[in-house]
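Visitor: Starting off with a structure, shown below.
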Amino acid sequence: MYWPSSWPAEDATPARRQIPLSGAGLGIGPGDRLEVTHRLAPLVTMVVLRGPGELFLLRHSAGDGAFASVERIDPVSLAPLAVSPELPGGPVWPGGLAAHGNGSIYVVFGEHAHRLDDELQVRAGRKLPRSLPYNSFVILPDGCLVTKDFAGSRPGLSIAAADRRPSELVVLDPEDLEIMDSLELPEPSIARLSADGSEIYAVGDTSLLRIGWDGTSLRLDRDFRARYRTLDGQTYGWDCVLADGAAWFLDDGDGSERYAGTLRGQGVSSAPLHLVRVDLATGAVTTTEVCGRAGGLVANPPVIDEQRRIAVAYDSGNGVLAGFHMNDDGRCTMAWSRHQDHGSHLLLFPDTGELLTGDHDAERQAEQAVILDIATGTELARADTGSTVQSVLFPAPGFGRDVYTCSFSTVSRLVVTPG
């Protein structure tokens, strides 16, 4: 129950397909270029769209007593037009922001959830059960919010795999954020939640889990527990994309807390990084190596183009971005591969096949936005975003032939202009 805009939440929907819900692609032609406007805005996470011209930006501060704030910003200049009060947060891990179907703006950050009105004033707030960061939320068809504590290591706080506590799902009433139900999972989960209708998917640190919501209670599907972590040196998976009858995600997430302005060279997994596919009907797991090298690392999901039968995966630790043909037997074969330092969530325009990716130039300390043809990997356009650090966060489409990107230092708008 999201607001009916093209991008009301991170990845557009809880299925995390990273595809706008309306509007057309950028339509980049020969000679077109990307014109960039950027604004220094430390510790931004994402932007979401609500009504025409309404663009909301989520930011936070640092430290275990961090707070969050929401800005409504000008969609062209990126200047703040309205700012919320400082919202109590807690331990830091990037949270989430969404425009609800009821018109309210919701935030989950740190150990708190907040409901904001049109003027970005607080209508309700809730301290969540665990003194841990909660990494965002999904909204279900009945309007309820579901969130989960983050079970992984954070910068300055390394947690051994054996010491990770099983995560707990919490369902919040959208009216007053009262807790309606909670459920401890059988294993820790580092990834953000995904959902298809009232079925919630959590990538645990060894298995994909499915949880049902009937409007009053959560129920773990004990007949569905797809174990994907089976290799020596393989580490946990990140957020899953629900598409083409399967859940798709990337493994070897261990080491993401070592981010140092880039994920390049920060991987600790000795097994090669994989694109993981879990059949949602049978639970069957298939894996495809992205580049075959040790030291792989990601912190985000792949993208799935059902129309062109292409899956795009990446290994940020080794600086490889690749497209794969999706075969009828569930296996994937290489379509194209590029040396590219991509780290963020992706953005696909399905009508044109244009894919927004990133490429961090460590020598220049510059992040670039790169538009690719998803079918071939051909580069269509490229421009510096104004960020010095690699984006590991969330892009969004604009209101025309434009897109937005966020990094830990910068929010940027890139618009297609004739050459």
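The values are calculated or read from the model by the stated rules, or taken from the named source; none is laboratory data. Please read these numbers as outputs of a predicted model, since none were measured by experiment. In this analysis, Cβ positions are derived from the backbone assuming ideal geometry, glycine residues included, and neighbour counts consider all displayed protein chains.
Visitor: If a residue has to be among the small types (Gly, Ala, Ser) and at positive phi to count, how many in segment 293-335 make the cut?
Guide: Count: 3.
Visitor: So, one more: Which condition from (1) under 22 Å from the mean Cα position of the chain (by Cα); (2) not in a strand (DSSP E or B) is the one that Met46 breaks?
Guide: Answer for Met46: the failing condition is (2).
Visitor: Report, by residue number, each residue of segment 85-96 that is within 23 Å of the chain's Cα centre (by Cα), outside any strand (DSSP E or B) and not aliphatic (A, V, I, L, M).
Guide: Selection gives Pro91, Trp93, Pro94, Gly95.
Visitor: Another question about this same structure. Among the residues in segment 108-117, are any within 18 Å of the chain's Cα centre (by Cα), more than 13 Å from Ala68 (Cα to Cα) and at pLDDT 95 or above?
Guide: no
Visitor: Only one of (1) in a loop (DSSP other than H, G, I, E, B); (2) touching a residue at least 24 places away in the same chain (Cβ under 8 Å) is not met by Tyr201, so which one is it?
Guide: If we test Tyr201 against (1) in a loop (DSSP other than H, G, I, E, B); (2) touching a residue at least 24 places away in the same chain (Cβ under 8 Å), just (1) comes out false.
Visitor: Among residues belonging to segment 366-414 that are among the acidic types (Asp, Glu) and surrounded by fewer than 24 Cβ atoms within 10 Å (Cβ to Cβ), point out the one that is farthest from Pro8 (Cα to Cα).
Guide: Glu379
Visitor: Report the residue count in segment 227-241 for those that are surrounded by fewer than 22 Cβ atoms within 10 Å (Cβ to Cβ) and in a strand (DSSP E or B).
Guide: Qualifying residue count, segment 227-241: 1.
Visitor: Next up: Could you list, ordered by first residue, the pairs with Cβ atoms under 6 Å in which the first is in segment 282-298 and closer than 14 Å to Arg331 by Cβ and the second is among the aromatic types (Phe, Trp, Tyr), at least 6 apart or interchain?
Guide: Val285/Tyr228
Visitor: Turning to a different aspect of this structure: Could you please let me know if Leu177 is on the phi > 0 side of the Ramachandran plot, in contact with a strand residue (DSSP E or B) (Cβ under 7 Å, 6 or more places away or on another chain), surrounded by 15 or more Cβ atoms within 10 Å (Cβ to Cβ) and not in a strand (DSSP E or B)?
Guide: Against the criterion (on the phi > 0 side of the Ramachandran plot, in contact with a strand residue (DSSP E or B) (Cβ under 7 Å, 6 or more places away or on another chain), surrounded by 15 or more Cβ atoms within 10 Å (Cβ to Cβ) and not in a strand (DSSP E or B)), Leu177 qualifies.
Visitor: Another one. What is the residue count in segment 190-208 for residues that are closer than 22 Å to Ala12 by Cα and buried (at least 20 other Cβ atoms within 10 Å of the Cβ)?
Guide: Final tally of qualifying residues: 11.
Visitor: With the requirement that a residue be part of a loop (DSSP other than H, G, I, E, B), surrounded by fewer than 23 Cβ atoms within 10 Å (Cβ to Cβ) and touching an Asp or Glu at 6+ places or on another chain (Cβ under 9 Å), what does segment 24-43 give you?
Guide: Hits for segment 24-43 are Ala24, Gly25, Gly27, Ile28, Ala41.
Visitor: Another one. In segment 242-251, what residues are part of a loop (DSSP other than H, G, I, E, B) and surrounded by fewer than 24 Cβ atoms within 10 Å (Cβ to Cβ)?
Guide: Asp244, Gly245 - these are the residues of segment 242-251 that are part of a loop (DSSP other than H, G, I, E, B) and surrounded by fewer than 24 Cβ atoms within 10 Å (Cβ to Cβ).
Visitor: Looking only at segment 308-315, decide whether some residue is over 22 Å from Pro397 (Cα atoms) and either over 22 Å from the mean Cα position of the chain (by Cα) or surrounded by 24 or more Cβ atoms within 10 Å (Cβ to Cβ) (or both).
Guide: yes
Visitor: In segment 144-161, is there at least one residue being out of contact with any His (no Cβ under 9 Å at 6 or more places or on another chain), without any contact (Cβ under 8 Å) to a residue 12 or more places away in the chain and not in a loop (DSSP other than H, G, I, E, B)?
Guide: There is no residue in segment 144-161 that is out of contact with any His (no Cβ under 9 Å at 6 or more places or on another chain), without any contact (Cβ under 8 Å) to a residue 12 or more places away in the chain and not in a loop (DSSP other than H, G, I, E, B).
Visitor: Same structure, new question: Taking Arg222 as meeting all but one of (1) more than 25 Å from Ala113 (Cβ to Cβ); (2) among the basic types (Lys, Arg); (3) in contact (Cβ under 8 Å) with a residue 12 or more places away in the chain, write down the number of the exception.
Guide: That leaves (3) as the condition not met.
Visitor: All but one of (1) over 20 Å from Ala381 (Cα atoms); (2) small (Gly, Ala, Ser); (3) assigned to a strand (DSSP E or B) hold for Ser269; state the number of the condition that does not hold.
Guide: (3)
Visitor: I'd like the residue in segment 335-350 that is in contact with a Pro (Cβ under 9 Å, 6 or more places away or on another chain) and outside any strand (DSSP E or B) and, out of all such residues, is surrounded by the most Cβ atoms within 10 Å (Cβ to Cβ).
Guide: Result: Leu346.
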